[in-house]
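Chemist: I am attaching a structure below and will ask some questions about it afterwards.
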Amino acid sequence: MKKVKLYIATSLNGYIAKTDHSVDWLNEIPTPKGEDYGYIDFYNSCSVTIQGNNTYNFILNSGHDFPYKTTENYVFTRNVNLRDNHDVKFISKDHIAFIEALKKEDGKDIWLIGGGQINATFFDNDLIDEIWIHVMPIVLEDGIKLSNRLSKDIRLELLSTRSYSSGVIEMKYKVN
């Protein structure tokens, strides 16, 4: 059975992006030479990515190539007129049933990329198994929260922590 893992970076005050969806502030954090904060190992543990349509559109308009070429990629949207392309498949209906079925398949895990709306939906429907969060040493003026408003509290069990010389703190949680 596949796990859904939320692997994400936040500012110290809990923002995953600026209000314009940009994450350029992440580049302001010095990265020790040869350090990737576990990204490559994490990415290689997943065969599927899930993201919201706002996140996908930001990636498309970033000026970079689509970064998830070696995984199956799904974009959750309410827009039924979007057509699949060589990078992603759009899921516009029955989001919860789709994920529940996907989790039952054998294989590598599922990376929930975000943003705030889709994170809230996954939390509210008990679809996230683990959270890998990197708290960055920056306080942003404003931005998009890790999760939009939730319908309930989410209990977590700490699996591990790690601190980096850059001031980044990594925490891994199991969602109870």
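Quick note: the coordinates plus some simple rules give every number you see, no bench work behind them. Keep in mind that what you see is a predicted model, and the values were worked out from it rather than measured. Because the Cβ atoms are built from the backbone with ideal geometry, glycine has one as well, and the counts that use them run over all protein chains shown.
Chemist: Which of 142, 36, 126 moves most in a GNM of the chain, Cα contacts under 10 Å?
Modeler: In this elastic network of the chain, the residue with the biggest mean-square fluctuation among 142, 36, 126 is 36.
Chemist: Which one of 144, 29, 16 has the biggest mean-square fluctuation once the chain is modelled by GNM with Cα springs under 10 Å?
Modeler: Taking springs between Cα atoms under 10 Å, the residue moving most is 29.
Chemist: Loop only by DSSP, 14 or fewer other Cβ within 10 Å of the Cβ. Give me the trypsin sites (Lys or Arg not before Pro) in segment 1-54 that pass, ordered by residue number.
Modeler: Hits after loop and neighbour filter: 33.
Chemist: Further question on the same structure: In a Gaussian network model over the chain where Cα atoms closer than 10 Å are linked, find which of 121, 31, 55 has the largest mean-square fluctuation.
Modeler: Fluctuation is largest for 31.
Chemist: When the Kirkwood hydrodynamic radius is evaluated over all pairs of different C-alpha atoms of the chain, what value in angstrom, to one decimal, is obtained?
Modeler: 16.8 Å
Chemist: I would also like to ask the following. Counting other Cβ atoms within 10 Å of each Cβ, which trypsin sites (Lys or Arg not before Pro) in segment 137-176 have at most 11 and sit in a DSSP loop?
Modeler: Those satisfying the criteria are 149, 152, 155.
Chemist: If contacts are Cα pairs under 8 angstrom and at least 6 residues apart, what is the relative contact order of segment 38-82 in percent?
Modeler: 50 percent.
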